[in-house]
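Each remark here refers to the structure printed beneath this line.
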Amino acid sequence: MLPRDIRSLAAFLFLTTPALLAQSPTPSPEFKDLPTPPPLPQFTPLPLAPVSTGAPATASPTPLPDGTLPQPLPAIPPAPALPELPQVQGEEAPPVPAQAPEPLPPGAETQTLQESGKAAMTKEMAVTEFYKQLDALIAKQRNPKVPDMKLEDAIKLALKKNPDILDGVQKLNLTSGQMISVRSKISPQISLTSDYGYTTRELNQIEVANADVNNQVWNINLEFNQLLYDGGATISRIRSAIASEHGSYFELRATIDQVISEVKINFSEIVLNRALIIANQQSVDLLTEQLKDQRNRYEAGTVPRFNVLQAEVALANAKPPLIQAQNNYRVSMYRLVRLLGMDYPPGFPSEVPFNIVGKLDYKPRTLNPDDSIRIAVARNPGLKAQRQSILATAAKVNEQVAGYLPVIKARAAQTNTSDMMTSKLTNVVSGWFLGINGSWALWDGLLTYGNVKQAKAQLDSSKINYDNGVREVILQVQQAISNLLEAKETVDSQEASVVQGVEALRLSQERLDAGAGTQLDVLNQQTSLLQSQTFLLQAYFSYIKGMAEYERALSVDTRYEEFFDDPLTRPEAKRFKNLNNPDRPQPKLPRALRKSDPIKPILEATPTPAPKAQSTPPPKSIKGN
């Protein structure tokens, strides 16, 4: 019997030979001249052993080249029988067997939550470390000899001692005195005069027979004067004085708003500069540690001299911002002392008389620009003062126009004098005098015309300044809201940047310690982190500053007597309480200027368009036949 592989080859040739013979090879066009190959010889298949149809015969294994027989293959185990499916009866499905819970693999949302939690933890660690160092600096700078001061304490102290506020109070007193002086002209003027004299007989030329002339003379006069008519000049002066007094009051309120805004900004600036000291000090401390580490590595021979020089340069460049922050902190403290009107302790002219206690409170708010502008235009004390200035100058115009009209006064007097014809001083001669005095300047060389022209020019100038003041207040509100939006966006961006910067600095430091990173990477990350921290602190301060300017423009704290001690005395504060009411409508402008009032279209509500009336077709007329 032939070997098994030989028999397989013979069977392959037996099956493929007829197909090869059926093909008639055709020479390719490139080889037309080549002779046709001879036909393949007939192949005679080898005789194969007959295969029995009974039990399958087990073929003997083919021996290996070394003469050994190969190991038989292991038997394949039979596949288990599939369980029969239960028959479905009716429309209800069989109950699903209980399955054991399996943990789900972490997806994209789980990864996002983990990253956000890690970022929050990193931010919390950075903020906690920052405030620890800030508290340490505050404790180091605190002077136990002087009291602590919060923002509310600073505002109360400024209302009492700020020189600008005190000067505004005196200006209000000045205009109040002027108003009282002008108002006195309309009331009766009562005066009492007396006189006593002695004349020698040589100078007495009176010669009366059998009369003893008295050389001593005395008299007492009681006089009444009343203005009857002056063309309305006095009434106009009184109106002008009242408007000037109200204008001084609103100027005082504007000064108070300005001082409170400056106190808030200066107080926050001190807190900012103190925080910047910590931020720059952290950078200096880290760069100092890196310099020590690079020197140790250089002495060990693991890094070149260039790394040490690079660390020294980075440390030297980080010190000027720290020095500048310390200087800004000192200057802002001195500026707040002057703003509050405080005096330095005796013998210590450079010792700040308070300790600042506070932090940068960032509380974002949602603001409506249109409503804010309406509130500012209606409540801003600076605009109210300019509006009173228009009324005062308009009254001065009427006062000068009264120069064209006559002046009429009434006068009454009672005279009591001694009798010169007797030697007794007790003899009295009494009598009354009653008269009317009038005057009219028929020609004054155009004096009245010139005064009227000056008053009208002042009125036009006041109106122009008022219109520009309204635009200025609108600009202040718009600018404050824009600054608040910028600061809020900066805070949102830099808060995430600080978290990323802390993590990047940690990774770069770990890579440097492991030998996989460079010192330049660490320095770059430290610079980026310091820049992000500085931007974040400045954004906090910018938001607080913008909010202070926003509240000043809107005069949010106009009614100070509800929160702080009013700088005016009780009688004056009580007299102006109604005038200080923010809901009080503003006085009307002169009749000639009412149409051009700039705040009227701003305060009025936006009119809603009326629905268009549907045009109805005219009724058709039916003509009779």
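The values are calculated or read from the model by the stated rules, or taken from the named source; none is laboratory data. Since this is a predicted model, take the numbers as computed values, not measurements. Glycine also receives a Cβ, built like all others from the backbone with ideal geometry; neighbour counts cover every protein chain displayed. For accessibility, only protein heavy atoms count, side chains too; no ligands or nucleic acids. Shrake-Rupley method; radii C 1.70, N 1.55, O 1.52, S 1.80 Å.
Out of LEU222, LEU227, LEU252, I need the residue that is at pLDDT 90 or above, touching a helix residue (DSSP H, G or I) at 6+ places or on another chain (Cβ under 9 Å) and assigned to a strand (DSSP E or B). Which one?
LEU227
Any idea which of (1) part of a loop (DSSP other than H, G, I, E, B); (2) open to solvent by 60 Å² or more (accessible area, probe 1.4 Å) is the one VAL303 doesn't satisfy?
For VAL303, the failing item is (2).
For the range 449-462, does any single residue satisfy the condition of being closer than 30 Å to TYR540 by Cβ, aliphatic (A, V, I, L, M) and either crowded, with 17+ Cβ neighbours inside 10 Å or without any contact (Cβ under 8 Å) to a residue 40 or more places away in the chain (or both)?
No, that holds for no residue.
Out of all the residues in the range 503-518, is one or more open to solvent by 20 Å² or more (accessible area, probe 1.4 Å), within 18 Å of ASP361 (Cα to Cα) and at pLDDT 80 or above?
No: zero hits.
With respect to ALA592, determine if the residue is open to solvent by 90 Å² or more (accessible area, probe 1.4 Å) and either touching a strand residue (DSSP E or B) at 6+ places or on another chain (Cβ under 6 Å) or modelled with pLDDT of 85 or more (or both).
yes
Kindly check whether there is at least one residue in the range 281-296 that is among the charged types (D, E, K, R), open to solvent by 50 Å² or more (accessible area, probe 1.4 Å), modelled with pLDDT under 90 and under 22 Å from LEU137 (Cβ atoms).
Yes: one or more hits.
For VAL271, are the conditions met, namely being of a type outside the set (S, T, N, Q), touching a residue at least 60 places away in the same chain (Cβ under 8 Å), under 30 Å from GLY501 (Cβ atoms) and out of contact with any helix residue (DSSP H, G or I) (no Cβ under 7 Å at 6 or more places or on another chain)?
So VAL271 fits the description; yes.
Of the residues ASP343, ASP361, ASP371, which single one is among the acidic types (Asp, Glu), part of a helix (DSSP H, G or I) and farther than 30 Å from THR448 by Cα?
Just one listed residue meets the conditions, ASP371.
Out of all the residues in the range 172-184, which are within 17 Å of PRO571 (Cα to Cα) and surrounded by fewer than 16 Cβ atoms within 10 Å (Cβ to Cβ)?
Residues satisfying the conditions are ASN173, LEU174, GLY177, ILE180.
Restricting the search to the range 316-329, which residues are surrounded by fewer than 17 Cβ atoms within 10 Å (Cβ to Cβ) and over 26 Å from the mean Cα position of the chain (by Cα)?
ALA316, ASN317, LYS319, PRO320, ILE323
Name the single residue that is modelled with the highest pLDDT among those in the range 417-441 being closer than 30 Å to VAL401 by Cβ and in a loop (DSSP other than H, G, I, E, B).
TRP440
Any idea which of (1) within 30 Å of THR417 (Cβ to Cβ); (2) open to solvent by 80 Å² or more (accessible area, probe 1.4 Å); (3) modelled with pLDDT under 90 is the one ILE190 doesn't satisfy?
(3)
List the residue pairs whose Cβ atoms are under 8 Å apart, where the first residue sits in the range 324-352 and is β-branched (Val, Ile, Thr) and modelled with pLDDT under 95, the second is open to solvent by less than 40 Å² (accessible area, probe 1.4 Å) and not in a loop (DSSP other than H, G, I, E, B), and the two are 6 or more positions apart or on different chains.
These pairs meet every condition: VAL352/MET333; VAL352/VAL337.
I need a count of the residues in the range 142-157 that are closer than 16 Å to GLU262 by Cα and in a loop (DSSP other than H, G, I, E, B).
1
With the condition kept exactly as written, say whether any residue in the range 407-416 is more than 30 Å from ALA548 (Cα to Cα), β-branched (Val, Ile, Thr), open to solvent by 70 Å² or more (accessible area, probe 1.4 Å) and not in a helix (DSSP H, G or I).
Scanning the range 407-416, I find no residue that is more than 30 Å from ALA548 (Cα to Cα), β-branched (Val, Ile, Thr), open to solvent by 70 Å² or more (accessible area, probe 1.4 Å) and not in a helix (DSSP H, G or I), so the answer is no.
Any residue in the range 370-378 that is touching a Ser or Thr at 6+ places or on another chain (Cβ under 8 Å), surrounded by 15 or more Cβ atoms within 10 Å (Cβ to Cβ) and in contact (Cβ under 8 Å) with a residue 40 or more places away in the chain?
Scanning the range 370-378 turns up at least one residue that is touching a Ser or Thr at 6+ places or on another chain (Cβ under 8 Å), surrounded by 15 or more Cβ atoms within 10 Å (Cβ to Cβ) and in contact (Cβ under 8 Å) with a residue 40 or more places away in the chain.
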